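The values are calculated or read from the model by the stated rules, or taken from the named source; none is laboratory data. Small disclaimer: the values here were computed from a predicted structure and weren't measured. Neighbour counts are summed over all protein chains in view; Cβ atoms, including those assigned to glycine, are modelled from backbone coordinates with ideal geometry. For the accessible areas, the whole protein counts, side chains as well, though only heavy atoms, and no ligand, DNA or RNA atoms are used. Shrake-Rupley method; radii C 1.70, N 1.55, O 1.52, S 1.80 Å.
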Amino acid sequence: MKNTPIPGSASRWKALAVRAARKTLWMLLVLWGITLVSFFVIHLAPGTPTDMQTSLNPLAGDMVRERLNALYGLDRPLWEQYVDWLGRLIRLDFGISLSSDARPVMEKIMERLPLTVGMNVISLLLTLLISIPIGIVSAVRRGTFLDRALTVLVFLGFAMPSFWLAMLLMLYFGIDLGWLPLSGLTSLDYAQLSPLGKALDIAKHLTLPILVGLVGSIAGTSRFLRSSMLEVLRQDYMTTARAKGLPARLVIGRHGLRNALLPVITMLGLSVPGLIGGSVIIETIFALPGLGQLFYAAVMARDYPLIMGNLVLGAVLTLLGNMLADAGYSLADPRIRATAKQGGKA
């Protein structure tokens, strides 16, 4: 017996394909607009790469600067430079860095990307595991001693400057106790360690940086979730669920938390670009060879190709964060999935 197609399935898949194509086209247009504005804005900053390279050399005169500008293509009109850069970007070629090593931009980014993304992903997961229970307990037990104690701790963590907290942790755990290293990614004897020893050595070096970033993110996320949870607890459907005699754990977990997570999902989606830019201070304090430190050095040196490479990566992460937020909405709220299905049937 032959399988007969489900009525309306072809039209539903066609509608989904059209919606995906429109969304992809819109994302490409947004990405192009970001690159256009960013390319022209970074050239408004005072100084050029050739000025940075020749300012400390008394033998480098105007002729040397002109030759360097011609070598880097900086003597051409700005729109022509952008068109040339955009053509390379379509081929996934970010160009060559203007620093002294003259390495490909993509190579320099990929070299430092795993460390920065890995640190921030671990910090994000730990933030969710810790801040969600704190936010729920604070909302459910509003006004109690536990809620006030958590509030005080959270506000201390939120108000504490990251560089000051890093100094305190380095002084206590690194100098006084000697448990954790102060800076760098590996120890001097890293090459002689076993695979397990190498993993533990890297984990020790990343403990303090992750802990510093974790304190502020836990504080913000837990307070945000507490406010959202308090708003959900006042809704009529929560009162109805309690009146039906459902267990408190089921009422809070199934009905309350899923709706309270929607604003948190938005905040997490917007925080995805911070995987790059948010690590500059921590990577500088702990001397970690991450992407944030690379971006900061590129800005100081007016390394235009490297700056644009980082900005494009940040723009892609921003769009990716929006997509993840939409997916998170569908998982957290069944009504959104139902609306999407109805839109597909239309």
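What the table shows:
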quantity: Probe 1.4 Å, protein heavy atoms only - accessible area per residue of region 88-176 in square angstrom; calculated: 61 Å²
quantity: Radius 15 Å from Cβ of residue 190, net charge of other residues (Lys, Arg +1; Asp, Glu -1); calculated: 0
quantity: Region 146-184 versus region 65-130: alpha-carbon centroid distance in Å; calculated: 33 Å
quantity: Residue-span extension gain [residue 211 to residue 42] - 0.36 nm each, minus C-alpha spacing; calculated: 57.5 nm
quantity: Fraction of accessible area attributable to carbon and sulfur, region 115-262 (%, probe 1.4 Å); calculated: 70 percent
quantity: Accessible-area order (highest first, 1.4 angstrom probe) of the listed residues 82, 190, 172; calculated: 172, 190, 82
quantity: Net length gained if the chain between residue 176 and residue 287 were fully extended (0.36 nm per residue, minus Cα distance); calculated: 38.0 nm
quantity: Shape call, region 104-186: gyration tensor on alpha carbons, a/c limit 1.5; calculated: oblate
